[in-house]
Structure formats: structure tokens, C-alpha cells
Amino acid sequence: GMAVVSSRAAQKLERPLFLVRHRRLSPGKEETHSSHRPSFADGMVKIAFSSPFAPKQPKKDAEVLVPEQDPEIATHGTENSTGRCLLTLLGLAFILAGVIVGGACLYKYFMPKHKVYHGQLCYTESQDHIPEPYFLPIVEEADIREEENFALIDVSVQKFSDSDPAAIMHDFDKLLTAYLNLHLNKCFVTPLNTSVVMRPRSLIVLFVKLGTSSHMPPSTLVHEEMVVTETENVSELGILIYQLCAGKETYRVQRRDQMTGLQKRSADNCHTIRHFENDFAVETKICEQ
């Protein structure tokens, strides 16, 4: 009989709808072992299914379990975050450096260069100040840097002139003057003559005056003669003269009137440069022995 009940119960379990029966006792009556009779309901299995649509009742005294983080994983995550921050800062530093260098290059190549002054001074070779029918001009371009304490004079040559073109560097820090004869491609270095060459600030004033005034009185021509005494190591003459004379034959010259034991006409290979660094013109004759 139990086998039959169990098989029937199994068939009922296979049905999609399950029926759960409860035996009900009459009030005031207690079930005894002797009065109980097995029935079909006794052999049924009570199965309860919770509906997925039924609202869930909150459990009292429920504890929220928070998983503990592994210390090694936490440390590894912190290290990764620090590394990313360092890489980001390094990248920003490289970008900033590129912007600064690029801005400097743009400023160097696109901003206007230092002002170059233009001037023309007329002179007469007459020693007694007798006016001549015409006056000979000397045309120069000057790069004068008062803050760097030097003046670079570019002397151009007019037609029918026996003067050589030249670039003249006056270094007021080293107290040296270098004449680069562009016809010979040679440099001649001598002590700076401060009685002839104005300081940078005064030179700027002179060139501004020459550029604004078209009726400057003609100046006299002062003559000086120099003689080559020895070769010169250009690397020992300062950066300014080095930039002018590097790769060229360079000689030390001395004023003839300051030399002793030499005849006035002992040197015949001479070249002339006419220039001005004051309100009068100068003819510098450099002779090689």
C-alpha cells in the first residue's frame, strides 16, 4: 500500500501544479497514535514554492557582509595609481619644455633683429679747411650694442675710391679694435683708440644725428698709419673678435708713430681703410713688412 501511495505521490509531483494538503484537527481533540488511520493525504509530500512575484519580507537583524580587501591587492592598486600620476606629470613637463623651446625659436627667427644704424659722413682732404668743389662721402652701417659694449662698423666703398671695404669691430670690454679687410680677407688687431672711437651711447647719438640731418658740415680727414708686428692667435682675443676673424689670417698691428727703430717708408705694401666712429673721418693705412 505504501508503494502505491509513493508512486501516486511521484506522479503528482510531475504535474505542473502542486497541491499541498493539510490535515485539520477538530478543536479540543488531540491526535493519538491509536486513533490515527493512514490515508492518502498522509502519504503526500509537503512542498512549498515561493512565488517570484511575491514581495520579499525583510529579514530582521540581517547583517551586511562587506568583503575584506586583500592588503597586497590594495597596495598594488595604490602603486599603479602613483605610477600613472608620475607619468602624467612627466608628460606635462615635456610638453611645457617643448612649448618654451618652441617659443624661444619663434622669437629668435620671427622677431625683428637688433636695429642697424645707417650714416654718411662727408669729408675733405684739404688740411687748411679750404672748401672744395665736392666732398667725398663715407657710408657706414653700424650694429651698436650698448648693453653688450661693442660696435660693429660695416664700411662700404664708393665708386672711384682707393679705400678697401672693411668690417671693424670695437670691443670696449677687451679694449681692442679689429679691422677685417674684405679685399685681402685678413684681420688686423690693435688696441682700441678711445680718443678716436666714441663709446656706444655716443655713437648711437651720432648715427641718429647723421640720419636726420641732411646738411652736416664736411669733416676733416685724420690720417693714421699702422704696421704689422706679429701674427695673432684669434682664440685669445675674445668672442667678438673671434666671430669676426675666425678662419682668417690675423695679425697684430701698431701705430707707426709709437714705434722706434723703423724708417717712415720701410714698408710699401699698404692698404687704406677710410671710416668714421666720431664726427670726423679717419684714414687708416695698414702696412705689411
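Considering only residues that are assigned to a helix (DSSP H, G or I), of a type outside the set (S, T, N, Q) and under 19 Å from L182 (Cα atoms), look in segment 215-262 and name the one that is modelled with the lowest pLDDT.
V234
Does K248 meet the test of being open to solvent by 90 Å² or more (accessible area, probe 1.4 Å) and either within 41 Å of the chain's Cα centre (by Cα) or farther than 19 Å from H275 by Cα (or both)?
When the stated conditions are applied, K248 does not pass them.
Taking the criterion of being modelled with pLDDT of 90 or more, of a type in the set (D, E) and in a strand (DSSP E or B), would at least one residue in segment 170-182 satisfy it? Walk me through how you get there before you give the answer.
Initially, segment 170-182 is screened for residues modelled with pLDDT of 90 or more, giving 170-182.
Next, only the ones that are of a type in the set (D, E) stay: 171, 173.
Then drop every residue that is not in a strand (DSSP E or B), which leaves 171.
Within segment 170-182, one or more residues are modelled with pLDDT of 90 or more, of a type in the set (D, E) and in a strand (DSSP E or B).
Of all residues in segment 207-234, which are without any contact (Cβ under 8 Å) to a residue 60 or more places away in the chain and loosely packed, with under 15 Cβ neighbours inside 10 Å? So that I can check it myself, show each step before the final result.
Here is the first cut: in segment 207-234, the residues without any contact (Cβ under 8 Å) to a residue 60 or more places away in the chain are 209, 212-215, 217, 229-234.
If the condition is that a residue be without any contact (Cβ under 8 Å) to a residue 60 or more places away in the chain and loosely packed, with under 15 Cβ neighbours inside 10 Å, then K209, T212, S213, S214, H215, P217, T229, E230, T231, N233 are the ones that fit.
Can you spot a residue in segment 102-125 that is modelled with pLDDT under 80, open to solvent by less than 100 Å² (accessible area, probe 1.4 Å), assigned to a loop (DSSP other than H, G, I, E, B) and charged (D, E, K, R)?
yes
Kindly evaluate I204 against the criterion of being in contact with a Pro (Cβ under 7 Å, 6 or more places away or on another chain), surrounded by 15 or more Cβ atoms within 10 Å (Cβ to Cβ) and touching a residue at least 40 places away in the same chain (Cβ under 8 Å).
no
The values are calculated or read from the model by the stated rules, or taken from the named source; none is laboratory data. As the structure is a computational prediction, the values presented were derived from the model and not from experiment. Ideal geometry is used to build each Cβ from the backbone, glycine not excepted, and the neighbour counts take in all protein chains shown. Protein only, heavy atoms only, side chains kept; ligands, DNA and RNA dropped before computing areas. Shrake-Rupley method; radii C 1.70, N 1.55, O 1.52, S 1.80 Å.
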